[in-house]
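Here the structure is laid out as structure tokens; the discussion comes afterwards.
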Amino acid sequence: SLRVGVLAIQGSVREHIEKLKLMGVEAVLAKDKNTLLSLDALIIPGGESTAIGKMIVDFGLKDAILKLNERKIPIWGTCAGMILMAKYIINDDKVHLGIMDISVRRNAYGSQLDSFKTKLIIPEVSNNEIEAVFIRAPYIENVGNSVRILAKYQGKIVAAQQDNMLATSFHPELTDDLSFYKYFLRLNS
Ligand code: GLN
């Protein structure tokens, strides 16, 4: 069956693993190079993007993730994962993986609206409303030509796709809705 890894450095790793098990795929904790290179798809979880970004370099994992992207296997970044994938970070002088043609703003909802839950309508992903949990979330301010905008919330882009890559500002691993997992796993067919 499909081997789907979750980058297991920091953040909401276990929650994604549990969802992948419900999807009936082989759920793999990925924290070394060889495990990463064995995957058919990869999730980069939410957490703290500065910390995860530093550790993927320190642990020598950055090249492996870039190689997976060259192979065009599905890669999905949630929240901090979206920041790690972005080519541009508006309010940070660091770029981490720099693989997806999006510019993101970190902690974009400010301190007043730190964390919140809402419902989004995303026809490409589900026929039903999708519950979306935002935690100190980024949003996307600009996308390149080959990026498809999947969802906006209050005028800001919160989900997008480019070829094999998917990025969401919010955390589907914290809800009971599996529709983003289904969408993600279809990216490799
Ligand atoms: N604000 C965090 C960052 O910049 C992301 C938060 C999250 O992943 N829940 O890394």
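The values are calculated or read from the model by the stated rules, or taken from the named source; none is laboratory data. None of the values given here were measured: they were computed from a predicted structure. FYI the Cβ positions are ideal-geometry reconstructions off the backbone, even for glycines, and counts take in every protein chain you see.
From the list Lys152, Lys117, Lys182, the one residue that fits, being within 16 Å of the ligand (Cβ to nearest atom), surrounded by fewer than 20 Cβ atoms within 10 Å (Cβ to Cβ) and at pLDDT 95 or above, is Lys117. Exactly one residue out of Phe170, Phe116, Phe184 is more than 23 Å from Ile65 (Cα to Cα) and of a type in the set (Phe, Trp, Tyr): that is Phe116. Taken together, Asn91, Asn188 contain a single residue that is closer than 27 Å to Ile9 by Cα and in contact with a Pro (Cβ under 7 Å, 6 or more places away or on another chain), which is Asn188. Only residues that are of a type in the set (A, V, I, L, M), touching a Lys or Arg at 6+ places or on another chain (Cβ under 7 Å) and within 16 Å of the ligand (Cβ to nearest atom) were counted in region 37-74, giving 1.
Take the conditions (1) assigned to a loop (DSSP other than H, G, I, E, B); (2) touching a residue at least 24 places away in the same chain (Cβ under 8 Å); (3) away from the ligand (no atom under 16 Å from the Cβ); Gly5 misses just one of them, which is (1). Scan region 18-46 for residues that are over 19 Å from Phe59 (Cβ atoms) and part of a helix (DSSP H, G or I) and the total you get is 5.
Phe184 meets all of the listed conditions (1) over 15 Å from Pro74 (Cα atoms); (2) in contact with a strand residue (DSSP E or B) (Cβ under 6 Å, 6 or more places away or on another chain); (3) touching a residue at least 60 places away in the same chain (Cβ under 8 Å) but one, namely (1).
The residues of region 75-87 that are among the β-branched types (Val, Ile, Thr) and within 9 Å of the ligand (Cβ to nearest atom), listed by number, are Thr78, Ile83. Please work out which residue is farthest from the ligand (Cβ to nearest atom), limiting yourself to region 88-109 and to residues that are touching a residue at least 40 places away in the same chain (Cβ under 8 Å) and among the basic types (Lys, Arg). Only one residue tops the list, namely Lys94. As a summary of the residue check, Pro74 satisfies the conditions (1) without any contact (Cβ under 8 Å) to a residue 24 or more places away in the chain; (2) closer than 17 Å to Leu178 by Cα except for the one numbered (1).
Of the strands (runs of 3 or more DSSP E) that lie entirely inside region 88-189, those containing 3 or more residues that are under 16 Å from the mean Cα position of the chain (by Cα) and more than 23 Å from Leu2 (Cα to Cα) span 100-105, 130-135, 139-143, 148-153, 156-162. Summed over region 151-166, residues that are touching a strand residue (DSSP E or B) at 6+ places or on another chain (Cβ under 6 Å) and basic (Lys, Arg) total 1.
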